[in-house]
Amino acid sequence: MNLSRIALATGVAASTVLLLAGPAAAHVSVQPQGEAAKGGYATLNFKVPNERDQASTVKLEVNFPAEHPLSSVTPEAVPGWKIEITKGKLDKPLEVHGRKITEAVTKVTWTADGSKIEPGYFQQFPVSVGQLPEDADQMIFKAIQTYDNKEVVRWIEEPKAGGEEPDSPAPVLALSAASDDHHGGGAAGDTEAGDDHAADDKAASAEGDKKETHAASSSSSDTTARTLGIIGIVVGIAGVAFGVLAGRRRSA
């Protein structure tokens, strides 16, 4: 009997530990749609779960790493949320596609505006970014989550290689190896399209030249035929006149 009670107590204790550990594992995270390749562009989803039973999330602040500034940051509109983009001057300007970028986004803030993340639910906040750094394996985005009961949770602790996960880990984006598909893919497509248009223009020009040459040749042939016709008529008239004059001389 005692053994049964001990086993039951142990099971309850283990269940309690699991229940307590469950919410701790749910934190603000970031994942790309597809992959995030070094030097390329990607759409990132910042996933925000609600960890409280008696409060709803009404605000999210995501700080972008200053050591890897991004020239392009475009959040997607999320119904029921107001978006604010904060920018800052760069110590060292970026050069992107032949132009210098002197400022970059330092923070994006989503504030509930008719909506909120209620207990038991999560919300994703998509952001299109680029160009991702070529000299890094990951990017860390420190986030701050605010509840409607004024509680603030700071997901800002950076994970350490080989160490345990912090209590409030910051969202970490793993970068994949660079590939040709992620370096100027659009530019390559534009180049190919330009080549196609150029080929079409050349073909059209060649076809036009052929038509003009054919038209000129036809016009020249028509002119020659008309000239020969006129000459033939003149020669014929002259022959008739000569014959008439010759007949009159013989009669005389």
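Coordinate-derived values only; no laboratory data. This structure is a prediction, so every number in the text was calculated from the model and none was measured. For neighbour counting, all protein chains shown are included, and Cβ atoms are generated from backbone atoms with ideal geometry for every residue, glycine included.
For this structure, a couple of remarks:
- Kirkwood Rh, angstrom, region 41-93 [1 / mean 1/r, Cα pairs]: 14.0 Å
- Set LYS38/LYS107; LYS92/LYS160; LYS38/LYS116; LYS59/LYS100; LYS87/LYS142 screened for pairs whose C-alpha atoms are more than 26 Å apart: LYS92/LYS160; LYS38/LYS116; LYS59/LYS100
- For region 30-136: rounded, prolate or oblate by the Cα gyration tensor [a/c cutoff 1.5]: prolate
- Backbone N within region 48-66 under 18 Å of label point (7 Å from GLU158 Cα along the Cβ vector): 62-66
- Rounded to the nearest 20, the Cβ-based charge dipole of region 56-108 about its Cα centre (Lys and Arg +1, Asp and Glu -1) stands at 140 debye.
- Taking the C-alpha atoms of region 84-148, convex hull volume expressed per residue in Å³: 139 Å³
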